[in-house]
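Read-outs throughout are calculated quantities, based only on the coordinates presented, and are distinct from any laboratory measurement. None of the values given here were measured: they were computed from a predicted structure. Reconstructed Cβ throughout: ideal geometry from the backbone, glycine too, with neighbour counts over all protein chains shown.
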Amino acid sequence: MKAFLDVTVSLCPYCGTPYADASWYVIELASDVECGVCGRSWNPKASKVDRFLLEFLLDANGKVVEARKNKSLTQINAD
């Protein structure tokens with residue numbers, strides 16, 4: 001069994017700390033976040049650097065066995 005998550009990677013524009021969040025949160029809601037390192041708020045949609053599909057391989061009980069990058073979505077879903 002497999003499960004998938006659309007992930008966006010962005011960088012804090014103030015200190016450069018990388019963040020990975022679900023794309024629906026970053027792209028669709030365009031929600032601001034607070035950097036855990038410098039404490040400043042910013043919008044990750046404006047600072048995204050990559051978007052990809054994360055694939056989870058599951059055992060018969062639905063538990064995650066492995067996670068890996070499935071494919072890049074940066075070109076497919078350019079915003």
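If you bin all the Cα-Cα distances of region 2-72 at 5 Å, starting from zero, the percentages per bin are 4, 18, 23, 18, 14, 12, 8, 3, 1. Relative contact order for region 9-69: 29 percent, from Cα pairs under 8 Å spaced at least 6 residues apart, divided by residue count. When you count the other C-beta atoms within 10 angstrom of each residue and take the mean per peptide, 3-14, 38-49 line up highest first as 3-14, 38-49. Within region 1-23, find all residues whose amide N lies under 19 Å from a label point positioned 7 Å from the Cα of VAL64 along Cα-to-beta-carbon. It comes to 1-10, 18-23, nothing else. As an exercise, use a Förster radius of 35 Å and the Cβ-Cβ distance of GLU55 and SER31 to find the FRET efficiency, rounded to the nearest 0.05. The pair GLU55/SER31 has a calculated efficiency of 0.90.
Backbone phi angles across region 60-65, fed through the Karplus curve with coefficients 6.51, -1.76 and 1.60 (θ = phi - 60°), yield HN-Hα couplings of 4, 9, x, 7, 6, 9 Hz in residue order; Gly and Pro are listed as x. Shown in residue order for region 37-44 are the 3J(HN,Hα) couplings computed by the Karplus curve 6.51 cos²θ - 1.76 cosθ + 1.60 at θ = phi - 60°: 9, 9, x, 8, 8, 7, 9, x Hz (x for Gly and Pro). Pairs of Lys residues in the chain are counted when their Cα atoms are under 22 angstrom apart and they lie 8 or more places apart or on different chains; the count is 8.
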